Every structure is written in C-alpha cells, then in structure tokens.
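Student: After the structure tokens below, expect a handful of questions from me.
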Amino acid sequence: MHREIHRWFSPRLHKDMEVAVYGHYGFALLMFPTAAADFLEYERFHLIDSIGHLIDAGKVKVFSINSINNESWLNQRMQPRYKAIRHQQFNGYVAEEVVPFIWNHCQSRVPIITTGASFGALHSANNLFRRPDLFAGVIAMSGCYDLKDYTDGYYDEDVYFNSPMDYLPHLQDAHILGQLRAKRHIHFVTGSGNYEKPSASRDIGNVLQSKGIPCEIDIWGHDVAHDWPWWRKMLPHYLETRFS
C-alpha cells in the first residue's frame, strides 16, 4: 500500500498538523479521529488494513488528519468559550487547508467523503452539513450528533452552529438544502451493544428525513459494541456495498 505523511504549519491553528495519505487513486475518504487521538490512530487500530484491498485497487484514496479535540471540548482546563473558538478554527483548517490539499494531491476536485467513529463521526457529519459544497457524503460510525453531549452544559452560538441536532431542524437555506438533498451518500451506522447510542442515529435520521434529505440509518445488533473490531467491519462493508 502506498503511504505518505505530510505536515505543514497551519495558520488557522497556529501549529504543525499532519496528514497520512494511503493509496494512489479513487475518490477521497477524509478520516476524523476519535476523541483525542491523532492522524495515525486508524492505522494503529488496523482500520486502514481493513480497507487495504480497496485502497490497493484504486477504489479509494484515504486522508487521515489530526484532531485537536484535546485542545477544545476534551480539555477540562480550558474555558468553554475558548473551546468553542478552537473548534471553529479546526473547521477552518479542514475547509481551507485540508480540502485544497486533497484536491492538489489528487490533481483533481475528486469527491470527498468524510468518515469517523465516535467523536470523529460528529466531526465528519458536521463538516458535510456545514459545507455540502465541499463534501460529497459521510459514513458516520457510532456517533452522537448533539455537540452538547461534549460541552458540559456550555452553550453559545458556536455550539449551536456545530451541533447538527440543533441547527439542522431550523435549516431553511434553499441552496444548502438543495445541495444536501442531492447527496447520494449520507450513512449513519451504529451498534446496539455496550457504549453505543443507537437513538442518536435515529434522531439525526428523523431530522434529515423531515428536511427531505435522503440518508441511511443502519442499526446493528446488541452484540455490536462501541469498539474497533466493529468499526473494522462497518467501514469496509459500506465502501464495498455502497460505492462502486
């Protein structure tokens, strides 16, 4: 498998940020880490290996980025307002630095599908819903889509506009709604076992359907826990069966 590591100083985050690239061809899969993890997390936990056959076949080209969750919502020593500011800076980094990097690396404006597990699922979904002009779809695994689950009671405008369960019910912009309604790949998959919250996927699905936005809500069984062995099954399943 072809593998590259790229690093640059992000003017929006004021720090060096890394991106791992796997593969040589195909649509782009942009991976958001779980919790406070880094850009190599999906490699360490063998999720990359689980889709290696698709990467080697040129079906998909993977871009795995760093998170800054430990500098925002997961940093208990930071004032909540600054957590919200940092979150917004991360959004800017993704849209204004990572997306152009992907298109430049692919030498084309290839479709970009976002994905992630757990907290990474929220980031992947939020980026699609905020910027449907940049992203073609999402595969969100085992996520919760209400940012308030992570804010310890803090709430402001930035929390609202980064919490899909808050802003989507009130979305009325015809242009954005039109872009989202045209998406073919909005997939939410979760288990029903330990530490999973299937109601979160059902709730976001109900909101999307009320807005006429097509989506797939896939609830796996009670044996399916919030853990890596299942994410190593979920992601290849969706790439193999939904993308041809």
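Just so you know, all these numbers are worked out from the coordinates, no wet-lab data involved. From a predicted model like this one, the values you see are computed outputs, not experimental measurements. Because the Cβ atoms are built from the backbone with ideal geometry, glycine has one as well, and the counts that use them run over all protein chains shown.
Student: Any chance you could run the full-extension gain for Ile219 through Asn206? It's 0.36 nm times the residue separation minus the Cα-Cα distance, nm to one decimal. Walk me through the numbers before you get to the answer.
Tutor: On the way: separation 13, 0.36 × 13 = 4.68 nm, distance 1.38 nm.
3.3 nm is the gain from fully extending Ile219 to Asn206.
Student: Pull out a ≥ b ≥ c, the square roots of the eigenvalues of the alpha-carbon gyration tensor of the stretch 17-75, then state rounded if a/c is under 1.5, prolate if not and a/b is larger than b/c, and oblate in the remaining case. Please report the intermediate quantities before stating the final value.
Tutor: Working: a/c = 3.22, a/b = 2.19, b/c = 1.47.
It is prolate, given that a/c is not under 1.5 and a/b is the larger ratio.
Student: Here's another thing I want to ask about it. So if R0 is 30 Å, what FRET efficiency would Thr241 and Glu96 give, r being the distance between their Cβ atoms, rounded to the nearest 0.05?
Tutor: FRET efficiency, Thr241 to Glu96: 0.35.
Student: Another question, if that's okay. Within the stretch 72-158, which trypsin sites (Lys or Arg not before Pro) sit in a loop by DSSP and count at most 14 neighbouring Cβ atoms inside 10 Å? Write down the numbers at each step before the final one.
Tutor: On the way: sites: Arg77, Arg81, Lys83, Arg86, Arg109, Arg130, Lys148; in loops: Arg77, Arg109.
Sites meeting the loop and neighbour criteria: Arg77, Arg109.
Student: State which entries of Lys61/Lys183; Lys148/Lys183; Lys61/Lys148; Lys15/Lys233; Lys15/Lys183 exceed 30 angstrom in Cα-Cα distance in the structure shown.
Tutor: On the way: Lys61/Lys183 20 Å; Lys148/Lys183 26 Å; Lys61/Lys148 33 Å; Lys15/Lys233 34 Å; Lys15/Lys183 34 Å.
Violating the 30 Å Cα-Cα cut-off are Lys61/Lys148; Lys15/Lys233; Lys15/Lys183.
Student: If R0 is 30 Å, what FRET efficiency do you get for Asp49 and Lys15 from their C-beta distance, rounded to 0.05?
Tutor: Taking R0 as 30 Å, the efficiency between Asp49 and Lys15 is 0.55.
Student: Given H placed on each backbone N at 1.01 Å, which residues far from Ser10 in sequence or on other chains put an amide H within less than 5 Å of it?
Tutor: Lys15, Asp16, Met17
Student: Which of rounded, prolate, oblate describes the stretch 3-242, given a ≥ b ≥ c as roots of the alpha-carbon gyration tensor eigenvalues and a/c under 1.5 marking rounded, otherwise prolate only if a/b is larger than b/c? Show your work: numbers first, answer last.
Tutor: Working: a/c = 1.24, a/b = 1.08, b/c = 1.15.
Rounded.
Student: Can you give me the long-range amide H partners of Ile186? Hydrogens built in the peptide plane at 1.01 Å from N, cutoff under 5 Å, separation of 5 or more residues or another chain.
Tutor: Excluding prolines and chain starts, which carry no amide H, the hits are Val138, Glu216.
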